[in-house]
Amino acid sequence: MEVSRFDIEGPLLLKPRVFPDERGYFFESFNEQTFKTAGIDFYFRQDNQSYSHKNVLRGLHFQHPPFEQGKLVRVVQGSVLDVAVDIRRGSPSFGKHVKVVLRAGEHQLFWIPPGFAHGFLSLEDHTMFLYKCTNTYDKDSESGILWNDPSLDIDWGFSENPLVSPKDLELPSFSALDTRFEMK
C-alpha cells in the first residue's frame, strides 16, 4: 500500500495495490495490520454509505469526545472533492485544511483522524461514498462548521451553488467553533 502524507499531521491518502485481470480487479480495502503499519491503529465500529447527485455538499461535520470519529473514506462510484479541517486546539495547523479528489476508478482511501471536521462535494451524479468510522453516531455529540466560512479559505472549485442540507447551512462559523479537541 502506498501512503501519502500532507503538510498537516494526521490525514493520510492511501493507495492500495490493485490486482487487475481479464475478469476485472481485486484489492484489499481494509487490512488491520497494513493500516496499523501505516499509522491507523483504530478499531472501526460503524460503516456508512451515502449517495449524492452532482454538486451536493455534505459537511463540515465532526463529533465531540467521547464520541469522536476517525473516518476512512472512499468513493466506489463517481468522484468527490474531500476536505478535512484541523480543529485540534494547540495544533500548528489549527484551522487549516487538506483536500483531495477521490475517484472511484483510482481506488484511493482517505484517512481523516479524530480532531478534524470532514466534508465533501460530489463532482458527478450517482456518487457513492463509503465511510468506516472509529465510533458510532451520537446525535448529542454531532457538530460542524459552516462549509463556506471565509476564514477557512477552502476552494471548493465550483461555479454553481452547491446543494447543502438546511441543517448544514445552520452550522456555526469557525470563529464560533466549540471544539473539545486538543493537540496531543
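Any read-out appearing in this document is the output of simple, stated calculations on the displayed coordinates, not a laboratory observation. Nothing here was measured: the structure is a model prediction, and the numbers come from that model. Every residue, glycine among them, receives a Cβ derived from its backbone with ideal geometry; neighbour counts consider all protein chains shown.
Per-residue 3J(HN,Hα) values for the range 106-121, derived from phi via the Karplus relation 6.51 cos²θ - 1.76 cosθ + 1.60 with θ = phi - 60°, read 9, 6, 7, 10, 10, 9, 10, x, x, x, 10, 7, 10, x, 8, 10 Hz in sequence order (x marks Gly and Pro). Here the alpha carbons of the range 2-176 define both size measures, Rg and Dmax, at 15.8, 54 Å. Given the pairs K15/K96; K139/K184; K71/K99, which are separated by over 18 angstrom at their Cα positions? Violating the 18 Å Cα-Cα cut-off are K15/K96; K139/K184.
Sort H126, H107, H64 by Cβ crowding within 10 Å, fewest neighbours at the top. Write out the running numbers ahead of the final one.
Details: H126 12, H107 18, H64 15.
Listed from fewest to most nearby Cβ atoms, that is H126, H64, H107.
Largest GNM mean-square fluctuation across G95, G105, G70, computed for the chain with C-alpha springs under 10 Å, falls on G105.
Here the 3J(HN,Hα) profile of the range 174-181, calculated from phi with Karplus coefficients 6.51, -1.76 and 1.60 at θ = phi - 60°, is 4, 5, 9, 4, 9, 9, 10, 8 Hz, Gly and Pro shown as x. Count charges around G105 for me, please; just the other residues with Cβ under 13 Å from its Cβ, Lys/Arg as +1, Asp/Glu as -1. With Lys, Arg at +1 and Asp, Glu at -1, the neighbours total +1. Residues whose amide H falls under 5 Å from that of R88, counting only those 5 or more places apart or on a different chain, are G95, with hydrogens built in the peptide plane.
Spin-label pair E182-D47: with each label point 7 Å from Cα along the Cα-Cβ axis, the two points sit 3.6 nm from one another. Could you please state, rounded to a whole Å, how far the C-alpha centre of the range 1-39 is from the C-alpha centre of the range 99-151? First find each Cα centre; the distance between them is then 17 Å.
Please give every one of the aspartates and glutamates within straight-line cross-link reach of K167, meaning a C-alpha to C-alpha distance under 18 Å, and leave out same-chain neighbours fewer than 8 residues apart. Within the straight-line limit of under 18 Å, K167 reaches these aspartates and glutamates: D138, D140, E142, D149, D178.
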